[in-house]
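Remarks on the structure that follows.
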Amino acid sequence: MKKIFSKVGEKEVTRAIVEEFAKQFLDYVESDCIIVGGGPSGLMAGSVISKKGNKVLIIERNNYLGGGFWLGGYLMNMITVRDPAQKMLDKIGVPYRESSKSLYVADGPHACSKLIAYACDRGVKFANMTMVNDVVLREKNRVCGVVINWTPVEELPRGLACVDPVALETKIVIDATGHDATVVKKLEERGIIKLKGEGAMWIEQSEDLVVEYTSEVHPGLIVCGMSVSATFGLPRMGPTFGSMLLSGEKAGNLVLEKLK
Ligand code: 48F
């Protein structure tokens with residue numbers, strides 16, 4: 001057999017994985033910003049914050065990143081954005097075509113993979129297969145971190161897996177968990193915030209409102225993307241993504257202001 005690859009065995013491969021993972025994990029036990037949810041809004045927010053040299057960790061419960069951005073709607077993988085959000089597609093290098101006046105269509109897999117690469121290129125780090133199941137609260141209930149566990153552990157019946165989570169500290173948390181608004185819900189469970197719940201679909205209203213309401217909802221916690229609708233009771237926008245990208249960008253800029 002003609003040898004193509006260098007002589008490297010199992011122990012070197014295992015060592016490389018464990019060492020690099022542990023090094024990065026240790027480094028991100030404390031960070032500038034933790035973003036919960038690796039969908040379009042979270043990825044865009046992370047790219048903005050990380051580009052300025054800040055330490056940003058996106059925590060994603062699935063193995064794959066991208067959230068709902070792979071599919072446009074109804075299992076069909078064409079994504080739409082309304083003017084002016086095509087400029088965000090230009091920014092991340094995604095080709096698109098005009099479908100009708102001011103409405104643009106792009107291939108979901110192309111757009112999603114480009115956005116993931118855009119975030120990686122700007123230095124965002126990821127903890128995937130990891131679920132945020134609580135927040136760290138300090139004086140005056142300021143959000144100072146998140147509590148995490150492996151997704152497979154979280155999914156096991158309690159009787160089978162009684163495994164304590166660990167916590168990560170950070171300067172600011174972004175809830176980019178989409179329709180679930182998981183992080184805001186943790187504050188609601190403690191009577192700190194009242195979640196209004198998503199309104200009915202109304203594309204023409206919802207996109208502007210999501211961007212407008214992207215804000216710090218509680219000291220240390222910013223919401224972006226669809227979790228904005230769930231938090232403030234705004235109409236949902238259905239299968240169009242411009243406001244996810246613009247809301248993520250706005251959240252990123254809010255964090256940059258706070259980190260100054
Ligand atoms: O749902 P998602 O894509 O949120 P988004 O960025 O964009 C919404 C659109 O995709 C679409 C829409 C507008 O066009 O209606 O739905 O607001 O991405 C949210 C990500 O958060 C992850 C989830 O797996 C998904 O990838 N996530 C949710 N809860 C948790 C979580 C959690 N507790 N821990 C970690 N990740």
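The values are calculated or read from the model by the stated rules, or taken from the named source; none is laboratory data. Just so you know, these numbers come straight off a predicted model, no measurement behind them. In this analysis, Cβ positions are derived from the backbone assuming ideal geometry, glycine residues included, and neighbour counts consider all displayed protein chains.
Some observations on this one:
- Hits in the range 179-202 - residues which are within 14 Å of the ligand (Cβ to nearest atom), in contact (Cβ under 8 Å) with a residue 40 or more places away in the chain and either more than 19 Å from Val146 (Cβ to Cβ) or surrounded by fewer than 21 Cβ atoms within 10 Å (Cβ to Cβ) (or both): His179, Asp180
- Some residue of the range 13-34 being within 16 Å of the ligand (Cβ to nearest atom), in contact with a helix residue (DSSP H, G or I) (Cβ under 6 Å, 6 or more places away or on another chain), on the phi > 0 side of the Ramachandran plot and in contact (Cβ under 8 Å) with a residue 24 or more places away in the chain: no
- In this structure, Met237 qualifies as at pLDDT below 95 and touching a helix residue (DSSP H, G or I) at 6+ places or on another chain (Cβ under 8 Å).
- Contact annotation: residue pairs with Cβ atoms under 6 Å, 6 or more positions apart or on different chains, pairing a residue in the range 116-130 that is within 12 Å of Gln24 (Cα to Cα) with a partner that is of a type in the set (Gly, Ala, Ser) and assigned to a helix (DSSP H, G or I), are Val124/Gly46; Val124/Ser50.
- Qualifying residue in the range 52-73 (condition: assigned to a loop (DSSP other than H, G, I, E, B), basic (Lys, Arg) and over 26 Å from His110 (Cα atoms)): yes
- Criterion violated by Lys171 - all others in (1) assigned to a loop (DSSP other than H, G, I, E, B); (2) among the basic types (Lys, Arg); (3) crowded, with 17+ Cβ neighbours inside 10 Å satisfied: (1)
- Enumeration of residues in the range 110-128 that are within 13 Å of the chain's Cα centre (by Cα) and part of a loop (DSSP other than H, G, I, E, B): Val124
- Conditions (1) in a helix (DSSP H, G or I); (2) surrounded by fewer than 24 Cβ atoms within 10 Å (Cβ to Cβ); (3) within 11 Å of the ligand (Cβ to nearest atom); number of the one not met by Ser229: (2)
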